[in-house]
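Throughout, read-outs are computed from the coordinates displayed, never taken from laboratory work. What you see is a predicted model; the values in this text were computed from it and never measured. Glycine gets a Cβ as well: all are built from the backbone with ideal geometry, and neighbour counts include every protein chain shown.
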Amino acid sequence: MQTIRARLTAWYSTALTLTLAAFAAVLYFARRSTSYQDLDQRIRSEAELTAGILVETYRARGVLVQTDTARRLVLVPEVAALLEVVPDYLIVTAPDDSLLFASADARALTFQDVEQLRQLVATARGGPGASGPRLHYAVRYVGEIGGPSVAILAGADVQSAELGPQQLLDTFALILPIGLLAALLVGSWIARGALAPVDQIITEVREITDGRSLHRRLAEPMVKDELGRLAATLNQMMTRLERSFSALRRFTADASHELKTPLTVLRAGVERAITAPHLPPETLATLEETLQEINRMTELVDALLTLARADEGIAPLHREPIDLR
């Protein structure tokens, strides 16, 4: 990238892209935390719903538990049917930790997993908890049923709340292209606006092509930032150049003017000496050579004087028609 504008755009785009990537990561983890909170709230709601069903059924029927054909205590069929609609893992245990009810998801577990859930009920002290990375659960004790309280465990697999790598990639894929495009457009606009004064300075400096235009100055912005100091420094440099060029022109003009008079006197003296009679040939030859050098020096002084006048813009122009055909 050869231009400051391109580099500024690239730097801004890179910075904004990294910022968006960090924002996407923060958004991902925030969504993940919110998902876990929603999961815990759902588990507590399921436990409260189950407790409400048990209490209301006991008040209406006066009994919740019966003995099945294997002489095990289970919930009455009407209550069990109601609890079947509760999603996720749900178990209800008696005060002696025997299993009164298990939901369809709980019955699909292995015997060891079910026993682990019963141990969670026996050791839990209420509230949401975590058993490793696999399960979030809540335990609710129900004592408003005319006897010892029963325990309700409502749990859900944390995989239902996990946001996998694909969701993270989807979040990045949604944010990064839009952010990168916006970064390029905004970065290019900012760089163009920031460097517009630099382009103006370059244009104005290019128009100062010779010593006759050194009187021009750059427009200095009202805000004395880096560009304002750059314009002021360039103006100071052109002021010094203008003074140097003016001194050089004055020196050239003054020297040319001061040399014309001595050369004229020398030429007149040599010409007068040449016209004297009875000069030896050697002396005459020397005087002629001296006259030639004086004429050459006079032409050189005239050229310097013309050049000085041309630099000041006051040199007379000799115009002649030229046939271009």
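Over segment 226-312, the reciprocal of the mean inverse Cα-Cα separation, the Kirkwood hydrodynamic radius, stands at 16.1 Å.
Peptides 49-59, 283-293 ranked from most to least packed give 49-59, 283-293, packing being the mean of other C-beta atoms within 10 angstrom over each peptide's residues. Averaging the Cα positions of each part gives two centres, and for segment 13-66 and segment 273-306 these lie 115 Å apart.
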